[in-house]
Amino acid sequence: MIALENAVVGYGPDKAFIAAVDDVTITIGDNEIVGIAGESGCGKSTLLRALYGDFTHGLRQRGGEINARFTDAGTGTTVEKRGANLSELWWDQISYVPQGSMSVLNPLMKVDKQIIDGLPKREKHGSRADLRKRIANFLKGLGLEESVLEAYPHQLSGGMRQRVLVAIAAFVNPRLILADEPTTALDVVVQKRILLMMVEIQRRLKNTLVLVSHDLGVHYQITDRLAIAYAGKIVEIGPTQKIFAAPSHPYTQALIAALPRVGEKGQRSGLEGRPPSLVKPPQGCRFAARCPEAQDICRAQSPELKMRSADRPVACHFR
Amino acid sequence: MRLLRYIAGRLVVYLLVIVFGLTILFFVPRLGPTDPVEAMLAKVAAQGAYMDASQVDRLRESLADTFGLNGTLLEQYWAFIKRILLTGDFGPSLSMYPTPVMELILNALPWTFGLLLTSTLIAWVLGNFVGLLAGWRPESNAAKAMEGVAIFLYPIPYYILALVLSILFSYVWQIFPLTTTIRGAPWSWDLISSIVWNSILPAASIVIVVFGWWVISVKAQTSQLKDEEFIRYARLKGLSQTRILTRYVLPNAILPQITFLALQIGLMFNGSLITEILFDYPGLGLLIYTAVLQGDFNLLMGTISLSVIAVATATMVIDLIYPLIDPRIRHR
Amino acid sequence: MQRITSMFHNAPFRLYLGILLLVLCVILGFILPWFAPDNPLTWYTAPRNQESSLVYPLGTTSLGQDIFWLLTWALRNSLILGLAVAFFSTLIGVFLGLAAGYAGGILDRFLSFCMDALLCVPSLPILILLAALFGGQLSLPVIGVALVIFNWPYPARQVRAVALSMREREFINVAWFSGESGVRILVRHIFPYIAGWSAANFINTVLVGVTTESALAVIGLSSATQATLGTMIYWAIEYQALLAERYVWIGSPVVAVLLLFIGLFLVSSGLTMQSAARRLGL
């Protein structure tokens, strides 16, 4: 389980703080796939870094709580960490799948070394040959050839590289895997295969997968729950199926209305305008300027993320 | 298969480069305003050696042979290239008659090779080490100090450093010998220590300059690498700083330095020539210098042809080693 | 003017230091020589072996030359040689590099081979050979020409690489198809890309020019009728300045070379840093 409570995370000194994650509360439970969606610059990548505890390169937590509690898959003992201390759990209880660009893997190291490099003691038992055999079997179970182990990164195709990255994160056998746009820049067929692989891994390890993507189609295919981010805030959380069937927040409604449907002719209408700047966010609801239903109260007062029905918190004055 | 093709291609280029260099050597004497043979004879005469007419004629012939002045230009050219590449015969030395030039060169070559190889290796290892640390922690005072030193050292010409070192350590504090005198029986401990002792200053003058260059180069490479995605990924894997530095940054920072090394060899060779001359170090540089002073053209052509071949060979060896180290070329 | 001031805004400290050193060298080498009382190379225009005094700021040589004025002339000649070599090497290098990169095909292959091959040929031995053939000494123009031949490949390689990558860039094609002339494309679109790097390379070539000439001079193979920094060192060594403990005589050209080189290097690396920073800023 990992939870953010009124977390404020961003860049810069107190006087000129840019909150890319502003007062966000979300709880991600065990054994589920949670998606985070939103336009670029909405703070979803910062949210992912906060969940990972990656407070470097100027990113810092200014307020709220970030707490994690995991039960080790092997020993059954429970560990608890908060904030930046999450880094003590990297490549142990938490692992990470980056976007598989050309330069994400060390170009001078074979894939097998890159899988072994960083593994926790828990997974490293036995001889080297034994470990390699387990890795090979693991890859085979995921539909990857054993020969991949002997390859250098430049020999892998884009799709293959992404699958290797997923496999590297999964072999750690962590309680939480965070994936940052893992299927962006890949074609639809390869994308589908990678998504299925991630679902398969989550089912097998019974852990938590958090998936950040701007692509609602990706979320529709595999996530159990979905959080919609807008300008540093989360505006709506709920079971993915329910959100797609009946979006509640006006922003979510607009996003889903803009999706193309099978058998439909003509262009879909998109949202007018652009998200507000995070440097100086507006006082009231951040979506007010683009919202078709905005009233005076929207521009004056920021709505809280509150339960409107049993399992669906929404941040809107009129829901 | 691809690797074989690469090697074959590189070998062809190597031969072409040597032919190219020798072509320059072939034409240079023909550019001069004076007939090199007559200039040479005048020089020999000026040194006070008495020769009767038949000796002069024989010398003239031998010199014409050295310069390949017999036959048409094309014939001359072909004979010149063939003689150097196929037989390696540069004729007898004129100043140390009748020792063959090749023998003198073979005696000198190990000195140049040893001096240059040792000092390059020392400078390379030290420079890479310091440059890596300076690039990894650019804000630390030690890194700034080392970079400052490197910036100060790098632009200094070899001969200036050689002069400064010899002024300081041979005149002011008489620690090291001013000129090289090797003593000791063959393969004795005395000989080895004498060689090391005499090589310290010449080697230091090369090491110090080359060290500066590598620090600057590796530091730039390292600070660029720090922003690479795979370094960030390694960090997010929770790997220790030392591991990231040794397994991720170091190999990736050093690889391009090997290509730079290939580009630098010619300049470093120039430097070692001057250093040898200034320290009387018995290598190729001193031999070239002797040849110039004595007007020994056989020796001059021989040593200079060999310089061209040596530098081309060193460059080729590095080019051939490179793909063995870089998997991106090895497994394409 | 504003562009120049904005260039120096935020410039790294090393650039300022380098420019300061260069200004010093330019004053010494280009302005002061005009005020020299007479040709300082001529022997016995001054008393021999003077220590430094008000009349002779750096003393005199054992050949009766005023070291201070000799130094200004030496610096001037070395600088002129370095600048000329750098200018022509860069000019030829940029031209042939562009030609190779743009023309492609056989011409590219030929020029690329020449560049790579010339980089493998050590220049100093060839210069020594030339010197030996020219009767033991080379005049400055001959050294200059030879150095240009050995130094144009450095800029040419770089420019060729830039030209190759440019050929693939969209905006060049757009400019081409919208009817801009080749020269205009070159000046407006390509030159800005290579300008920063060329400046740094230019400075490095000045360094190489001055070093190689003075290296030749130090071993006595450069012109004896022209004062250069190298020949000053040569004469000092030749007349046993060290044994006589005349450290100013041999030390002043050494210090001048050091100041000039460190100045040039600081400016060149400062420029590189700045053009890198500007690229990131864009």
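Structure summary
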{"read-out": "Residue check for A:LEU131: modelled with pLDDT of 90 or more, buried (at least 17 other Cβ atoms within 10 Å of the Cβ) and more than 14 Å from every other protein chain (Cβ to nearest Cβ)", "value": "yes"}
{"read-out": "Condition met for A:ALA151 (at the interface with another protein chain (Cβ under 9 Å from one of its Cβ atoms), over 28 Å from A:TYR52 (Cα atoms) and not aromatic (Phe, Trp, Tyr))", "value": "yes"}
{"read-out": "Among the candidates B:ARG243, B:ARG232, residue that is closer than 16 Å to A:PRO107 by Cβ and assigned to a helix (DSSP H, G or I)", "value": "B:ARG232"}
{"read-out": "In the range C:218-247, the residues that are over 16 Å from the mean Cα position of the chain (by Cα), in a helix (DSSP H, G or I) and either surrounded by 20 or more Cβ atoms within 10 Å (Cβ to Cβ) or within 10 Å of chain B (Cβ to nearest Cβ) (or both)", "value": "C:VAL218, C:THR231, C:MET232, C:ILE233, C:TYR234, C:TRP235, C:ALA236, C:ILE237, C:TYR247"}
{"read-out": "So B:ILE151, is it within 14 Å of chain C (Cβ to nearest Cβ), among the aliphatic types (A, V, I, L, M) and touching a residue at least 24 places away in the same chain (Cβ under 8 Å)", "value": "yes"}
{"read-out": "Failed criterion for A:PRO276 (all others in (1) surrounded by fewer than 13 Cβ atoms within 10 Å (Cβ to Cβ); (2) in a loop (DSSP other than H, G, I, E, B) hold)", "value": "(1)"}
{"read-out": "Selected residue (criterion: surrounded by the most Cβ atoms within 10 Å (Cβ to Cβ)) from residues of the range C:198-217 that are away from every other protein chain (no Cβ under 11 Å) and among the small types (Gly, Ala, Ser)", "value": "C:GLY209"}
{"read-out": "Residue list for the range A:95-116, filter: more than 9 Å from chain B (Cβ to nearest Cβ), closer than 30 Å to A:ARG69 by Cα and either of a type in the set (Asp, Glu) or under 20 Å from the mean Cα position of the chain (by Cα) (or both)", "value": "A:VAL97, A:GLY100"}
{"read-out": "Some residue of the range B:157-167 being without any contact (Cβ under 8 Å) to a residue 12 or more places away in the chain, over 21 Å from the mean Cα position of the chain (by Cα) and closer than 28 Å to B:LEU133 by Cβ", "value": "yes"}
{"read-out": "Residue among B:ILE258, B:ILE216 that alone is under 25 Å from the mean Cα position of the chain (by Cα) and surrounded by fewer than 18 Cβ atoms within 10 Å (Cβ to Cβ)", "value": "B:ILE258"}
{"read-out": "Residue within the range B:119-132 that is outside any helix (DSSP H, G or I) and more than 14 Å from every other protein chain (Cβ to nearest Cβ) present", "value": "no"}
{"read-out": "Scan of the range C:208-244 for residues that are of a type in the set (A, V, I, L, M) and touching a Phe, Trp or Tyr at 6+ places or on another chain (Cβ under 7 Å), ordered by number", "value": "C:ALA215, C:ALA217, C:VAL218, C:ILE219, C:ALA227, C:ALA236, C:ALA241, C:LEU242"}
{"read-out": "Criterion: touching a residue at least 24 places away in the same chain (Cβ under 8 Å), farther than 22 Å from A:MET307 by Cβ and in a strand (DSSP E or B) - qualifying residue of A:ALA19, A:ALA50", "value": "A:ALA19"}
{"read-out": "Any hit, the range B:78-92, residues being surrounded by 14 or more Cβ atoms within 10 Å (Cβ to Cβ) and among the hydroxyl-bearing types (Ser, Thr, Tyr)", "value": "no"}
{"read-out": "Candidate set from the range C:252-273 (those that are facing chain B (nearest Cβ under 8 Å) and not aromatic (Phe, Trp, Tyr)); member that is farthest from C:ASN204 (Cα to Cα)", "value": "C:VAL254"}
{"read-out": "The range C:128-143, subset under 21 Å from C:THR228 (Cα atoms) and facing another protein chain (nearest Cβ under 9 Å), residue farthest from the chain's Cα centre (by Cα)", "value": "C:GLY135"}
{"read-out": "Residue in the range B:155-168 that is away from every other protein chain (no Cβ under 12 Å), of a type in the set (A, V, I, L, M, F, W, C), over 30 Å from B:LYS219 (Cα atoms) and surrounded by 12 or more Cβ atoms within 10 Å (Cβ to Cβ) present", "value": "no"}
{"read-out": "Test: residue in the range B:267-276 that is of a type in the set (Gly, Ala, Ser), within 14 Å of chain A (Cβ to nearest Cβ) and in contact (Cβ under 8 Å) with a residue 60 or more places away in the chain", "value": "no"}
{"read-out": "Within the range B:69-88, tally of residues that are modelled with pLDDT under 80 and either within 21 Å of B:GLN294 (Cβ to Cβ) or hydrophobic (A, V, I, L, M, F, W, C) (or both)", "value": "2"}
{"read-out": "Residue that is modelled with pLDDT of 90 or more and surrounded by fewer than 20 Cβ atoms within 10 Å (Cβ to Cβ), where the choices are A:GLN155, A:GLN162", "value": "A:GLN155"}
{"read-out": "Any hit, the range A:88-100, residues being of a type in the set (A, V, I, L, M), farther than 22 Å from A:LEU176 by Cα and surrounded by 14 or more Cβ atoms within 10 Å (Cβ to Cβ)", "value": "no"}
{"read-out": "Test: residue in the range B:218-235 that is away from chain A (no Cβ under 14 Å), among the aliphatic types (A, V, I, L, M) and more than 30 Å from C:LEU221 (Cα to Cα)", "value": "yes"}
{"read-out": "Number of the exception - A:GLY63 against (1) of a type outside the set (Asp, Glu); (2) out of contact with any helix residue (DSSP H, G or I) (no Cβ under 9 Å at 6 or more places or on another chain); (3) in contact (Cβ under 8 Å) with a residue 60 or more places away in the chain; (4) over 14 Å from A:MET1 (Cα atoms)", "value": "(3)"}
{"read-out": "Pairs where the first residue, in the range A:150-166, is among the aromatic types (Phe, Trp, Tyr) and the second is assigned to a loop (DSSP other than H, G, I, E, B), C-beta under 8 Å, 6+ apart", "value": "A:TYR152/A:PRO107; A:TYR152/A:LEU108; A:TYR152/A:MET109; A:TYR152/A:LYS110; A:TYR152/B:HIS331"}
{"read-out": "Test result for A:HIS219, touching a Cys at 6+ places or on another chain (Cβ under 9 Å), not hydroxyl-bearing (Ser, Thr, Tyr) and not in a strand (DSSP E or B)", "value": "no"}
{"read-out": "Among the candidates C:SER78, C:SER123, residue that is in contact with an Asp or Glu (Cβ under 9 Å, 6 or more places away or on another chain), under 26 Å from C:SER223 (Cα atoms) and within 12 Å of another protein chain (Cβ to nearest Cβ)", "value": "C:SER78"}
{"read-out": "Residue in the range B:169-201 that is surrounded by the fewest Cβ atoms within 10 Å (Cβ to Cβ), counting only those that are within 14 Å of chain C (Cβ to nearest Cβ) and among the aliphatic types (A, V, I, L, M)", "value": "B:VAL172"}
{"read-out": "Number of the exception - B:THR290 against (1) surrounded by fewer than 23 Cβ atoms within 10 Å (Cβ to Cβ); (2) at pLDDT 85 or above; (3) facing another protein chain (nearest Cβ under 9 Å)", "value": "(3)"}
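The values are calculated or read from the model by the stated rules, or taken from the named source; none is laboratory data. Everything numeric in this text was worked out from a predicted model, so none of it was measured. Virtual Cβ from ideal backbone geometry, glycine too; neighbours counted across all protein chains shown.
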